[in-house]
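Peer 1: Submitted below is the structure of interest, expressed as structure tokens.
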Amino acid sequence: RRRLKRPPLYRVVFHNDDYTTRDFVVMVLMRFFHKTHTEANTLMMQIHTRGKGIAGLYPFDIATTKRAQVESLAREYEMPLKLSVEPDDDGREEDE
């Protein structure tokens, strides 16, 4: 019997800047990443204090789509918010 290999996952990372409002970051975390208000607020503070934070792990196509959606909305609101998509290498070999 064949086993399908799971697709590799990618992190969607928010990067802190001095202009994007905290409320905007909380709103997009809730809207695009389905975080509760408490989870979004906690992650926003991590991004603010540590310089970046991981919003979620997704297959590549979904991760890049979420990044594009959030950055597009940020431009509409004239916010310089930046996100990146990075490979998640944590423990993937153990699943095989």
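The values are calculated or read from the model by the stated rules, or taken from the named source; none is laboratory data. Quick caveat: nothing in here was measured; it's all calculated off a predicted structure. Because the Cβ atoms are built from the backbone with ideal geometry, glycine has one as well, and the counts that use them run over all protein chains shown. Note: accessible area is taken over every heavy atom of the protein model, side chains too, but ligands, DNA and RNA are not part of it. Shrake-Rupley method; radii C 1.70, N 1.55, O 1.52, S 1.80 Å.
Peer 1: Considering only protein heavy atoms, what is the solvent-accessible area of K66 at a probe of 1.4 Å, reported in Å² to the nearest 10?
Peer 2: 30 Å²
Peer 1: Shifting gears a bit: In Å², and per residue, what accessible area does the chain have when probed at 1.4 Å with the other protein chains present?
Peer 2: 71 Å²
Peer 1: Starting from the 7 Å offset along Cα-to-Cβ, what nm value, one decimal, do you get for the label separation of T64 and R31?
Peer 2: Distance between the two pseudo-spin positions: 2.3 nm.
Peer 1: Heavy atoms only, probe 1.4 Å: what % of the accessible area of the range 18-78 goes to carbon and sulfur, would you let me know?
Peer 2: On the range 18-78, the fraction of accessible area on carbon and sulfur atoms equals 51 percent.
Peer 1: Starting from the Cα-Cα distance between L4 and T21, subtract it from 0.36 nm times their residue separation and give me the gain in nm to one decimal.
Peer 2: 1.9 nm
Peer 1: Additional query: Can you give the FRET efficiency to the nearest 0.05 for E76 and T49, using r as the Cβ-Cβ distance and R₀ = 22 Å?
Peer 2: Numbers: r = 27 Å, r/R0 = 1.22.
For R0 = 22 Å, the calculated efficiency reads 0.25.
Peer 1: Now for a separate question. Once you place label points 7 Å from the Cα toward the Cβ at E39 and L57, how far apart are they in nm?
Peer 2: 1.4 nm
Peer 1: Sticking with this one: For the chain, what does the alpha-carbon gyration tensor say about shape, rounded, prolate or oblate, given a ≥ b ≥ c as the root eigenvalues, a/c under 1.5 as rounded, and a/b over b/c as prolate?
Peer 2: prolate
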